[in-house]
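**Q** Got a structure for you, questions after.
The values are calculated or read from the model by the stated rules, or taken from the named source; none is laboratory data. Since we're looking at a predicted model, the values are computed, not measured. Note that each Cβ is placed from the backbone with ideal geometry, even for glycine, and that neighbours are counted across all protein chains shown.
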Amino acid sequence: MSKYFYAMALFGVVCWCEFLGAAQPPHAVFVVGTHHYSPQLTMPFLATELERLGFRTTVINPAWDPEKDKRGLPGLEVLKDADIGIFFMRFLQLEDDQLAHITEFIESGKAVVGLRTSTHAFNYPKDHPRHTLNHDFGQKVLGSPYLIHLAGKTQVKLAPKVEDHPILTGVDTAGWESSGTLYLIDAQPGIRPLLLGTGRSKR
């Protein structure tokens, strides 16, 4: 359970550092674009935690699973008022009118947090004009496309020379074992990892 609170602290500090000294309460918009790993339950809780830190929050969290329902994600226009977008999405095929709100937000240069499956947020067919987004969202927005995920538990440790990074303030920096599986990444130029994981292949 303690590692859960360390993860919560890390998440909060990431957002807090981005808006330290802001004149107005920053607006965090959560976009729940799948039910895989149950973000429809956890993201509202994270929003409540950010409100305790002084954020305004909006959670786009439809009653259906957007990954499987053609209605997708109504309400994305609220991203126009967001200071930070927190995305938990997987294998979406959004219509152009909904996708345009995400694209506009990303191109604004505002802060982005991508959680778990967001490296593979989209799954357009090969003959679809948006097909390249399947790869590009992970690579160009989050720093790595989705490759594979490994099996079993993950050993987590600090990356070299990051002990004094402000995002890690108040976070237990001793290595630990996570029950979650590790995503193999292809880190793009300019990426600075703070935590490193070691897992095992499925084979």
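**Q** Out of everything in the range 10-53 that is surrounded by 13 or more Cβ atoms within 10 Å (Cβ to Cβ) and small (Gly, Ala, Ser), what residue ends up being modelled with the lowest pLDDT?
**A** Among those that are surrounded by 13 or more Cβ atoms within 10 Å (Cβ to Cβ) and small (Gly, Ala, Ser), it is 12.
**Q** Which ones in the range 50-65 are more than 22 Å from residue 109 (Cβ to Cβ) and either under 16 Å from the mean Cα position of the chain (by Cα) or part of a strand (DSSP E or B) (or both)? Can you show your working first?
**A** Filtering the range 50-65 for residues more than 22 Å from residue 109 (Cβ to Cβ) gives 51-54, 59, 61-65.
Matches in the range 50-65: 59, 61.
**Q** Just to be sure I understand the filter: pairs with C-beta atoms under 7 Å, separated by 6 or more residues or on different chains, first member in the range 48-69 and closer than 23 Å to residue 101 by Cα, second member among the hydroxyl-bearing types (Ser, Thr, Tyr) and assigned to a loop (DSSP other than H, G, I, E, B). Which pairs pass?
**A** What qualifies is 65/34; 66/34; 67/34.
**Q** If residue 81 passes every condition in (1) farther than 18 Å from residue 37 by Cα; (2) surrounded by 12 or more Cβ atoms within 10 Å (Cβ to Cβ) but one, which one does it miss?
**A** (2)
**Q** If residue 71 satisfies all but one of (1) out of contact with any helix residue (DSSP H, G or I) (no Cβ under 8 Å at 6 or more places or on another chain); (2) farther than 25 Å from residue 27 by Cβ; (3) at pLDDT 95 or above, what's the number of the condition it fails?
**A** The one condition residue 71 does not meet is (2).
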